[in-house]
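Student: Below is the structure I would like to discuss, written out as structure tokens.
The values are calculated or read from the model by the stated rules, or taken from the named source; none is laboratory data. Because the structure is a prediction, the values reported are computed rather than measured. Every residue, glycine among them, receives a Cβ derived from its backbone with ideal geometry; neighbour counts consider all protein chains shown. Only protein heavy atoms, including side chains, enter the accessible area calculation; ligands, DNA and RNA are left aside. Shrake-Rupley method; radii C 1.70, N 1.55, O 1.52, S 1.80 Å.
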Amino acid sequence: QVQPMESGGGLVQPGGSLRLSCAVSGTIFWINDMAWYRQAPGKERELVAAIARGGTTNYADSVEGRFTISRGNAKTTVYLQMNSLKPEDTAVYYCKVDTSGMTYWGKGTLVTVSS
């Protein structure tokens, strides 16, 4: 059973930083794209950042310049470095993994930005 597992969420003050991690467990032979999504209360899930296997990245306008997505050397782990956090970044953050023909979602990790 392939399962992405997020970690690193928590409570942080505005202007602070957090680093989220997502590790994929289970037998998986090839991962294409990996991405972070988030869902705030009462809002739809939205793309935060994505990274292709070759390293190409793209970001939501709202996080461009503040967040950085990266992958581990084994290509089965993805990170999200979040700097200059704002209260509007408060959400549950989900990891999404795309393989050849299948998509897997993690269960999410809560990020709360508040003073």
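Student: What is the sum of charges, Lys and Arg at +1 and Asp and Glu at -1, for the other residues whose Cβ falls under 14 Å from the Cβ of Glu46?
Tutor: Here the count lands on -1.
Student: May I pose another question? Name the most mobile residue of Leu11, Leu85, Leu47, meaning the one with the largest mean-square fluctuation, in a Gaussian network model of the chain with Cα contacts below 10 Å.
Tutor: Top of the fluctuation ranking is Leu11.
Student: On to the next question. In the Gaussian network model of the chain, springs joining C-alpha atoms below 10 Å, which of Gly15, Gly72, Gly42 carries the largest mean-square fluctuation?
Tutor: Gly42
Student: Additional query: Considering Cα pairs under 8 angstrom that are at least six residues apart, work out the relative contact order of the chain and quote it in whole percent.
Tutor: So the answer I get is 37 percent.
Student: For Gln81 and Gln39, FRET efficiency with R0 = 22 Å and r from the beta-carbon atoms, rounded to 0.05?
Tutor: Result of the calculation: an efficiency of 0.65.
Student: Which whole-Hz ³J(HN,Hα) couplings does region 69-84 yield from phi under the Karplus relation 6.51 cos²θ - 1.76 cosθ + 1.60, θ = phi - 60°, glycine and proline marked x?
Tutor: Whole-Hz 3J(HN,Hα) from phi for region 69-84: 9, 8, 10, x, 4, 7, 6, 10, 10, 10, 10, 9, 8, 10, 10, 6.
Student: May I ask for the net charge around Val24, where only other residues with Cβ less than 14 Å from the Cβ of Val24 are counted and Lys, Arg are +1 while Asp, Glu are -1?
Tutor: Overall, the nearby charge balance is +2.
Student: Please compute the net charge surrounding Trp105, taking Lys and Arg as +1 and Asp and Glu as -1 over other residues with Cβ under 11 Å from its Cβ.
Tutor: Neighbour charge sum, excluding Trp105 itself: +1.
Student: To continue, here is another question. Using the Karplus curve 6.51 cos²θ - 1.76 cosθ + 1.60 with θ = phi - 60°, what ³J(HN,Hα) values do you get for each residue of region 55-63, in whole Hz, with x for Gly and Pro?
Tutor: Couplings: x, 5, 10, 8, 10, 5, 4, 5, 10 Hz.
Student: Here's a follow-up. Mind checking which lysines have their C-alpha under 20 Å from Lys96, skipping anything on the same chain fewer than 8 residues away?
Tutor: Lys43, Lys75, Lys107
Student: Here's another thing I want to ask about it. Keeping all protein chains in place and using 1.4 angstrom, which order do Lys86, Lys43, Lys107 fall into by accessible surface area, from largest down?
Tutor: I get Lys107, Lys43, Lys86, largest accessible area first.
Student: Only Cα pairs under 8 Å and at least 6 apart count here; give the relative contact order of region 18-58 as a rounded whole percent. Numbers along the way, then the final one.
Tutor: Numbers: 37 pairs, mean separation 12.7, N = 41.
With pairs under 8 Å counted, the relative contact order is 31 percent.
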